[in-house]
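Report on the following structure.
The values are calculated or read from the model by the stated rules, or taken from the named source; none is laboratory data. Computed from a predicted model, the values in this text were never measured in an experiment. Quick reminder, even Gly has a Cβ in these numbers, built from the backbone with ideal geometry, and neighbours come from all protein chains shown. Quick note on the areas: whole protein, heavy atoms, side chains included, nothing else; ligands and nucleic acids left out. Shrake-Rupley method; radii C 1.70, N 1.55, O 1.52, S 1.80 Å.
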Amino acid sequence: MTPSDDRPERDAWDGPGAAHRAAVLGSPIQHSLSPILHRAAYAALGLTDWSYGRFEVTEEALPSFVERLDASWAGLSLTMPLKRAIIPLLDGISDTAASVEAVNTVVLTEDGRRLGDNTDIPGMIAALAERGVRKVESAAVLGAGATASSALAALARICSGPVTAYVRSEARAAEMRGWGERLGIDVRTADWEKAADALRAPLIIATTPAGAADALAAEVPARPGTLFDVLYDPWPTALAASWSARGGAVVGGLDLLVHQAVLQVEQMTGKSPAPLAVMRNAGEEALESL
């Protein structure tokens, strides 16, 4: 299958003649580790008749792709720019997905329904809990994109006090305050030029693109709290490396990717629990080979 092809046919990563199929869709998609994580889970669970592929699909091509799915398809993982574009094509979405208007998981039921969910939000919560962070009194968010809204939704469940979002424009600031009102969390905003102030929060979630927060590496306080940097390639980021060197706890993008994938595997296959350790090892090995 060529990168521009939007047909749901078997690609180079798909198992031949699989009875149950799933895949990750997005554009660009070649970097995705999802196939490695899901296939590792299938192997550990003994699901020999399952396959998981990846397809380059744009927003324009998404409706055609979805309409061509046959009864062998069990689920889809969605990455950018499809997390909102998929919603009109679904028969229903979970309250979690509705809270941020973003779907990253679609389960295709035996009766033909397409049901959407968002596993990024509980995935963030689980990744933090794994490192002992279950409740905080305040937090900071770096950035204001789609991942930032999921971060606010996660913080709405674990943060009892205000969250300060550091952004680059008033339009972004207004957007983040709007998400705060919708999610029921006290969101305050500050200019990106003051982002170093964020590092004094007990929990910082960095949702910015690669390199955007590198300059903050020199501003890490002597006694840092917990940093959740959603990037996984390159890893560690300059900020994460400096944070670790100062003795601070770091949660990385691979932690998020694995925890949200665990939930996807469980929903799509009906098998629980998914093998978290196996999936994480597969992801770490893949990153080391890059």
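Descriptive notes on the structure:
- With respect to (1) over 15 Å from Ala19 (Cα atoms); (2) touching a Leu at 6+ places or on another chain (Cβ under 7 Å), the lone exception for Gly75 is condition (1).
- Conditions (1) under 18 Å from the mean Cα position of the chain (by Cα); (2) under 30 Å from Ala165 (Cα atoms); (3) open to solvent by 10 Å² or more (accessible area, probe 1.4 Å); number of the one not met by Arg134: (1)
- Selection over the stretch 271-285 of residues that are open to solvent by less than 40 Å² (accessible area, probe 1.4 Å) and either at pLDDT below 95 or not in a helix (DSSP H, G or I) (or both) gives a count of 2.
- Here the stretch 79-107 is the region considered, the condition is being surrounded by 23 or more Cβ atoms within 10 Å (Cβ to Cβ) and without any contact (Cβ under 8 Å) to a residue 60 or more places away in the chain, and the residue that is nearest to Leu183 (Cα to Cα) is Ala97.
- Of all residues in the stretch 221-231 being surrounded by fewer than 21 Cβ atoms within 10 Å (Cβ to Cβ) and not charged (D, E, K, R), the one that is farthest from Leu152 (Cα to Cα): Ala222
- Members of the stretch 148-198 found to be open to solvent by 20 Å² or more (accessible area, probe 1.4 Å), within 20 Å of the chain's Cα centre (by Cα) and among the polar types (S, T, N, Q), listed by number: none
- Filtered by the rule that a residue be β-branched (Val, Ile, Thr) and either over 22 Å from the mean Cα position of the chain (by Cα) or part of a loop (DSSP other than H, G, I, E, B) (or both), the stretch 221-270 gives Val230, Thr237.
- Of the residues Ala238, Ala218, Ala222, Ala198, the single one that is out of contact with any helix residue (DSSP H, G or I) (no Cβ under 9 Å at 6 or more places or on another chain), more than 30 Å from His20 (Cα to Cα) and either of a type in the set (D, E, K, R) or free of Cβ contacts under 8 Å to residues at least 60 places away in the same chain (or both) is Ala222.
- Residues being in contact with a strand residue (DSSP E or B) (Cβ under 8 Å, 6 or more places away or on another chain) and either part of a loop (DSSP other than H, G, I, E, B) or open to solvent by less than 60 Å² (accessible area, probe 1.4 Å) (or both) - total across the stretch 33-47: 5
Residues are listed down the side, and each one gets a yes or a no for (1) at pLDDT below 95; (2) hydroxyl-bearing (Ser, Thr, Tyr); (3) touching a Phe, Trp or Tyr at 6+ places or on another chain (Cβ under 8 Å):
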site: Ala18; (1), (2), (3): yes, no, yes
site: His31; (1), (2), (3): yes, no, no
site: Arg54; (1), (2), (3): no, no, yes
site: Ala61; (1), (2), (3): no, no, no
site: Ala97; (1), (2), (3): no, no, no
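- The residues of the stretch 48-69 that are touching a residue at least 40 places away in the same chain (Cβ under 8 Å), open to solvent by 20 Å² or more (accessible area, probe 1.4 Å) and either outside any strand (DSSP E or B) or under 21 Å from Gln267 (Cα atoms) (or both), listed by number, are Trp50, Arg54, Thr58, Ser64, Arg68, Leu69.
- Residue within the stretch 213-220 that is more than 25 Å from Ser34 (Cα to Cα), part of a helix (DSSP H, G or I) and acidic (Asp, Glu) present: yes
- Flag if Leu76 is open to solvent by less than 40 Å² (accessible area, probe 1.4 Å), free of Cβ contacts under 8 Å to residues at least 60 places away in the same chain, within 21 Å of Ala261 (Cβ to Cβ) and not in a loop (DSSP other than H, G, I, E, B): yes
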